[in-house]
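The values are calculated or read from the model by the stated rules, or taken from the named source; none is laboratory data. What you see is a predicted model; the values in this text were computed from it and never measured. Counting neighbours? That spans all protein chains shown, and the Cβs are built from the backbone with ideal geometry, glycine included. Note: areas computed on protein heavy atoms with side chains; ligands, DNA, RNA excluded. Shrake-Rupley method; radii C 1.70, N 1.55, O 1.52, S 1.80 Å.
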Amino acid sequence: MFHERLLLIISLLFAVSMLVMLGQKLRISYPIFLVIGGLLISLIPEMPMIQLDPQLVFTIFLPPILYEAAWYTPWNQFWKFKRPIGLLAFGLVFFTSCIVAFVSNALIPGFTLALGFLLGGIISPPDAVAATSVLKGIKMPKRIITILEGESLINDASSLIVFRFALAAVVTGHFVVEEAISDFFIVGIMGIVVGLAIAHVFYVIHRFFPTTSNIDTALTLMAPYIMFITAEHFEFSGVLAVVSGGLFLSYRSHEIFDHSARIQTQNVWATIIFILNGLIFILIGLELPVIVHGLNGFSLQEGIKYGIIISIITIIIRFIWVYPAAFLPRFFFRKIREKEPNPGWKGPFIIGMAGMRGVVSLSSALAIPLTLSDGQDFPQRNIILLVTFVVILITLVVQGLALPIVIKFLKIEEIDDLIPEEEQSTAIKLRLMKASLTYMERYLAKDIAENELVENLQKRIKNGIALTSERLESLVCDETEHNEIVRFHEIRLELIAAQRKELASLKKQKVYDYEVLQKQQNQLDFDETKINQSIIRD
């Protein structure tokens, strides 16, 4: 039995890798490809049914995915766009839950208002991974990307809190609005407190204990689980605990990690998140037979019909919310009009399109208990599962495929007051080299005069300053200058290719130690990555 399960997991990982590569080849976002692939795999005869345990998703998959998203969220940009992020992550979630509650109550026979709020809490949060993977590689204004990432970072918390209260109302038959509102703030605020408290403990360990790169990496893997499980144990928001703790440690990461720990941690996390995201999306597709098998009281056609109607309503709700949320604050507050650029109609439209549902929605639906507190079957559980699956499939596949096309058609331009990323990067590099040169001239004059190696280092820094200054000036350039820059990068890649051939020849000669040669190989890999990133930006 163990060997069969292990083989199944390895087979799924292999399928994930193949589907992701195929998606990259076809330029299709991999979550879309994985869900469809899982759906097709589930239709293979003799394919065993895979029952996705919601606790497995909430406890194993969700914490690291949220933590990684929080780690790479720039706090200053997150705080700068806190109003639109909050309006989407909290206001839109509650608005969607309310509308879905009343619509499903009127649409589905035997569906109570409490069940409607339960369904609304399940399908209200867009998926973070789906949105970012769809937008990956597409030139987008930084403002839109930051808002979407910030929304998906914390909307899971608000939706899960709605889900928790609606579930309690269905199970116990007891619901008081005043209690729910006060509990909501307690659950959310205390979740943040728990996350920050645990983050401070990890900060002290990283900062003041004699850790190594391996220990630092291992601690980053433990942190989200400890934050999530501790908060959930006290019935607070585990999602907000992970997000707040991740944001704090990310902001302090320059104080607690050295270069080797940073590189190792980034590589390890990139692999782990790829595996977790891949598995969870292919498992979504594999869940359909389980959902259909448990469908009682409704036909498959009825469930699909309800799912399509609610999907369309959910998509419309997002557009209805996005435009007033973008323009009404500007209408009522002059300070906002003076401080922020006009968002136009294209930016809100893209944000409205990026409402793909995913793992949290399905996991919440699967977390609905089989029975009530009195032992009776949970009402309408199976139809909730099917509607949720249809909403995920439609929003992920239809909107996910349409979004890149719409973005290219709209030709949306940067309207922010932000400096372009490449210009920022080049300017920072120039400042750092000038700081090095100033330090050398102020404190190392004697070494420069007496040590030829130090003198050569000073010359290299000066040459670097000159080249980087030219690079900064060339960012606003004509087509001829742009082609020269591209050709410059191509020549650098050709030189690295020549160095690789020489390195391979040195390995065959067996004169130099393997470890030394491998370090040179790693340096070439690092240099080539930087050049390729420059080519993409150009």
### Summary
S11: passes all of (1) part of a helix (DSSP H, G or I); (2) closer than 30 Å to L328 by Cβ; (3) among the hydroxyl-bearing types (S, T, Y) but (2)
### Query
Going through region 19-43 one residue at a time, which ones are polar (S, T, N, Q), in contact (Cβ under 8 Å) with a residue 24 or more places away in the chain and open to solvent by 50 Å² or more (accessible area, probe 1.4 Å)?
none
### Task
From P31, P64, P74, grab the single residue that is within 20 Å of the chain's Cα centre (by Cα) and closer than 16 Å to P126 by Cα.
P31
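Can you pull out every residue in region 254-269 that is closer than 28 Å to V360 by Cα and out of contact with any Pro (no Cβ under 9 Å at 6 or more places or on another chain)?
In the first step, residues of region 254-269 are kept if they are closer than 28 Å to V360 by Cα; the result is 265-269.
Residues satisfying the conditions are T265, Q266, N267, V268.
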### Query
Could we say that K429 is part of a helix (DSSP H, G or I), at pLDDT 85 or above, within 24 Å of H489 (Cβ to Cβ) and charged (D, E, K, R) here?
no
### Task
Might you check whether a residue that is modelled with pLDDT of 75 or more, of a type in the set (A, V, I, L, M, F, W, C) and open to solvent by 90 Å² or more (accessible area, probe 1.4 Å) occurs anywhere in region 463-471?
yes
### Task
Answer yes or no as to whether Y306 is open to solvent by 50 Å² or more (accessible area, probe 1.4 Å) and either more than 22 Å from V93 (Cβ to Cβ) or out of contact with any strand residue (DSSP E or B) (no Cβ under 6 Å at 6 or more places or on another chain) (or both).
no
### Query
Are any residues in region 359-377 in a loop (DSSP other than H, G, I, E, B) and more than 17 Å from D53 (Cβ to Cβ), and if so, which ones?
L372, S373, D374, G375, Q376
### Task
Mind counting the residues in region 254-266 that are under 25 Å from I154 (Cα atoms), at pLDDT 85 or above and open to solvent by 20 Å² or more (accessible area, probe 1.4 Å)?
1
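Among the helices (runs of 4 or more DSSP H) confined wholly to region 217-323, which include 1 or more residues that are more than 30 Å from M18 (Cβ to Cβ), without any contact (Cβ under 8 Å) to a residue 40 or more places away in the chain and in contact with a Ser or Thr (Cβ under 8 Å, 6 or more places away or on another chain)?
Working: elements: 238-251, 253-256, 259-286, 288-293.
Of the helices (runs of 4 or more DSSP H) lying wholly inside region 217-323, those with at least 1 residues that are more than 30 Å from M18 (Cβ to Cβ), without any contact (Cβ under 8 Å) to a residue 40 or more places away in the chain and in contact with a Ser or Thr (Cβ under 8 Å, 6 or more places away or on another chain) span 259-286.
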#### Entry: Among (1) buried (at least 20 other Cβ atoms within 10 Å of the Cβ); (2) among the hydrophobic types (A, V, I, L, M, F, W, C); (3) under 30 Å from H233 (Cβ atoms); (4) out of contact with any Asp or Glu (no Cβ under 8 Å at 6 or more places or on another chain) - the single one L88 does not satisfy
(4)
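Just to verify a result, which residue in region 44-61, among those that are within 14 Å of I282 (Cβ to Cβ) and surrounded by 11 or more Cβ atoms within 10 Å (Cβ to Cβ), is modelled with the lowest pLDDT?
It comes out as L52.
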### Single residue of T388, T395 found to be modelled with pLDDT of 85 or more, of a type outside the set (A, V, I, L, M, F, W, C), within 25 Å of the chain's Cα centre (by Cα) and farther than 30 Å from K80 by Cα
T388
### Message
Can you say whether L503 is open to solvent by 100 Å² or more (accessible area, probe 1.4 Å) and either of a type in the set (S, T, N, Q) or at pLDDT 75 or above (or both), as far as the supplied structure shows?
### Response
no
### Residue pairs meeting the criteria (Cβ under 9 Å; at least 6 apart or on separate chains; first touching a residue at least 12 places away in the same chain (Cβ under 8 Å), in region 370-390; second part of a strand (DSSP E or B) and of a type in the set (V, I, T))
F378/T371
### Task
Answer yes or no: is there a residue in region 362-377 that is at pLDDT 80 or above, over 25 Å from the mean Cα position of the chain (by Cα), over 18 Å from E151 (Cα atoms) and open to solvent by less than 30 Å² (accessible area, probe 1.4 Å).
yes
### Message
So if I check each of V290, V322, which one is at pLDDT below 80 and open to solvent by less than 40 Å² (accessible area, probe 1.4 Å)?
### Response
V290
### Message
Can you pull out every residue in region 171-198 that is farther than 12 Å from L240 by Cβ, touching a helix residue (DSSP H, G or I) at 6+ places or on another chain (Cβ under 8 Å) and modelled with pLDDT of 75 or more?
### Response
I198
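Which of the residues belonging to region 17-61 are in a loop (DSSP other than H, G, I, E, B) and within 18 Å of I273 (Cα to Cα)?
Across region 17-61, the qualifying residue is only S29.
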### Message
Can you list residue pairs whose Cβ atoms sit under 7 Å apart, with the first residue in region 503-524 being more than 24 Å from R492 (Cβ to Cβ) and the second being open to solvent by less than 50 Å² (accessible area, probe 1.4 Å) and in a helix (DSSP H, G or I)? Count only pairs 6 or more apart in sequence or on different chains.
### Response
Y512/L506
